[in-house]
Structures are given as C-alpha cells and as structure tokens.
1. Restricted to the range 21-64, and to residues that are open to solvent by 80 Å² or more (accessible area, probe 1.4 Å) and under 18 Å from Lys227 (Cβ atoms), which residue is modelled with the highest pLDDT?
2. If you go through the range 257-277 one residue at a time, how many are in contact with a strand residue (DSSP E or B) (Cβ under 8 Å, 6 or more places away or on another chain) and part of a loop (DSSP other than H, G, I, E, B)?
3. Test Leu177 against the criterion of being more than 30 Å from Leu20 (Cβ to Cβ), assigned to a strand (DSSP E or B) and more than 18 Å from the chain's Cα centre (by Cα), and give yes or no.
4. Just checking, does the range 225-233 include any residue being of a type in the set (Phe, Trp, Tyr), crowded, with 17+ Cβ neighbours inside 10 Å and in contact with an Asp or Glu (Cβ under 9 Å, 6 or more places away or on another chain)?
5. Which residue is most open to solvent (accessible area, probe 1.4 Å), if the candidates are limited to the range 234-256 and must be in contact with a Pro (Cβ under 8 Å, 6 or more places away or on another chain) and assigned to a loop (DSSP other than H, G, I, E, B)?
6. Among the candidates Glu3, Glu18, which residue alone is among the acidic types (Asp, Glu) and open to solvent by less than 60 Å² (accessible area, probe 1.4 Å)?
7. Taking Thr244 as the residue in question, decide whether it is of a type in the set (Ser, Thr, Tyr) and more than 19 Å from Cys101 (Cα to Cα).
8. Confirm whether Asp74 is under 20 Å from Arg136 (Cβ atoms) and surrounded by 14 or more Cβ atoms within 10 Å (Cβ to Cβ).
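The values are calculated or read from the model by the stated rules, or taken from the named source; none is laboratory data. What you are looking at is a predicted structure, and each value in this text was computed from that prediction instead of being measured. Ideal geometry is used to build each Cβ from the backbone, glycine not excepted, and the neighbour counts take in all protein chains shown. Note: accessible area is taken over every heavy atom of the protein model, side chains too, but ligands, DNA and RNA are not part of it. Shrake-Rupley method; radii C 1.70, N 1.55, O 1.52, S 1.80 Å.
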Amino acid sequence: MWETIELRELRVFLALAEELHFARTADRLGLTQSRVSQTLRDLERKLGGQLLYRTSRSVSLTPFGERFRAEAGDAYSSLTQVLRDGANPVRSLQLGTFEPCSAGPHLTAIVDAFEGEHRCEVHVHEIVHGSDPLARLRRGEVDVLAIRLPLDAPDIVIGPTLSVEPRVLAVAANHPLAERDDVSIEAVADYLVSECAGVPKTIMDAFVPMTTPNGRQLQRIDRSPVKPYELVALVARGKIVHPTVPSFATYYGEPGVVYVPITDLPSLQSALVWMRQPSNPLVVSFEQVARSVLARPPTAAARHPAR
C-alpha cells in the first residue's frame, strides 16, 4: 500500500522522529496528539512495519524507523522544495529565529531592506525550544537562521553578527542575590540552574557553563523546561536562577523577576548562519543586505526595532 502514502504522513513522521515526543510534535505541526498518533498508525500500516517504539514514558525509533527516516528525509526535503517553487512563483527566503533574543535589534530593518531591493518575500519562522534548530536548517526548512553563538558545525557558515550582549542573572525578586549590584558566576554555583531543552550544546555551555572558573560545578535541576515561559516561571518562584542576557527580559518579562549583572562571564553574540552550500541563491544577497544594514550608524538602524 505504499503507493497511497501522503506527503502529510511523511511530514508528521519526520517531525516525530526528531522530537521523539507526541505533544511537542503536535504543537510544532499545529495538530492534535490524536491526529499525530493516527497519522503514524496509517503510515505504519501502509509501509507494513513499525516505525517507533512507544510507551507511556518514552518514544524511540525502531531499526526500520531509523532506516526509513534516513532514506525518506532527503527525498522529502527535495520534493517539498520542488512543490514550494512550483506553487509560489514569487521568489522567497525562509528566515528562522531560534528564540527572539537572537534576532537582535536590527533584523526587521534587514528584512525590509532585502524585500525592497529584491522584490521577494521573507517568511520569518520562530523555532521553538525543544526542537533542533540546526536540523531545520540542514533540511532546508529555513534558508537562513538567527541563532546564538558559538556553534561547532563545519557545514554551516557563520555570517554577520546581529547582537552582542552582556551577561545578567535572572532571579526572583525576593531571592538573596536580588539586592546585589552584581554577582560572580561563583555565587551562582550555590543555587540550582537549568538546561534549556533543544539548545545546541555549545550554545548551552556558553549560556550556563558546566563549571565556574574555580572549578565548582553548577547544579542542574532534574527536569529542564521546554519553553522559555516555563523557565521564567521557575525563576519567579525561586526554584532556579538563570544566567541570561538583558533582552531576555524584553521578550519574557515577568514582574517577579529581576536581573543582576554577572561580572565574570563573557558577552554573548548572535549571528545569521546558513548552510555552506545553500539551496536558495537568495542567501548570498540576504547576507550582503544584512551587512549593509548592520554597518549603518546606530541612529539609522535604531529606527527599525526588531519584530
């Protein structure tokens, strides 16, 4: 029955194979969990084999599922690109942002300038925590990605810098550190911190280092939050402290959280990145426009706040 397999069934399976979580897959695709489960069962029936092991606690790929994902993934990306190009005669570029803070203050100005110069559309996609942003880039779902640095990915080009921010510590307003003028990362080691699910390891290690300069290990909570607002809620309740950047407060503001400068962590950067061999020729032009906009005097760029 393989002849009756539909593109939407492949899309659901490939997303589920990446997330290994039915709820996150449903949220990512805008479906119900029951629809995701039914679609998977339909695909397995048509293929005549089990793609995933699933229990109430875990989801994992079967050997057949691993093989099918490897073989079907590239074919799906190629086919969707062909269909996208055929259905949309207007040239377009897919721009991903991995959490809003990474976009920096000038991304809207870059998009506006690019669309004006090249008469094409830029579609902006927010890539939520819990999914691998680099996988979306490698599959061709986005052409360019705004993301924090550093990255350890030889197949990806790191382009112009979008932002450079100092480090701050998010703490509850009634936390012992809240009244300080500044803190050291050594003091952070006395409290619980959190990982952020789905964030590439090099970025996570820069955000929340494993150890302090003196060798003290930062204590992680057992269960990491998936969404930023879940993390903010833990901070506001005093469950954790969170090393971050000032713009985090702009996008995820919470009245019960204050931000204290960290004196001994280096600034964090974000940048535009893309595949070393991009499938969309507009990527080169987008880079050129981005560098031009970012080279403007600060007063000029400031008239275009980030979306």
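1. Only one residue fits best here, namely Gln33.
2. Within the range 257-277, residues that are in contact with a strand residue (DSSP E or B) (Cβ under 8 Å, 6 or more places away or on another chain) and part of a loop (DSSP other than H, G, I, E, B) number 4.
3. Against the criterion (more than 30 Å from Leu20 (Cβ to Cβ), assigned to a strand (DSSP E or B) and more than 18 Å from the chain's Cα centre (by Cα)), Leu177 does not qualify.
4. no
5. Restricting to residues being in contact with a Pro (Cβ under 8 Å, 6 or more places away or on another chain) and assigned to a loop (DSSP other than H, G, I, E, B), the top hit is Pro246.
6. Glu18
7. no
8. In short, no.
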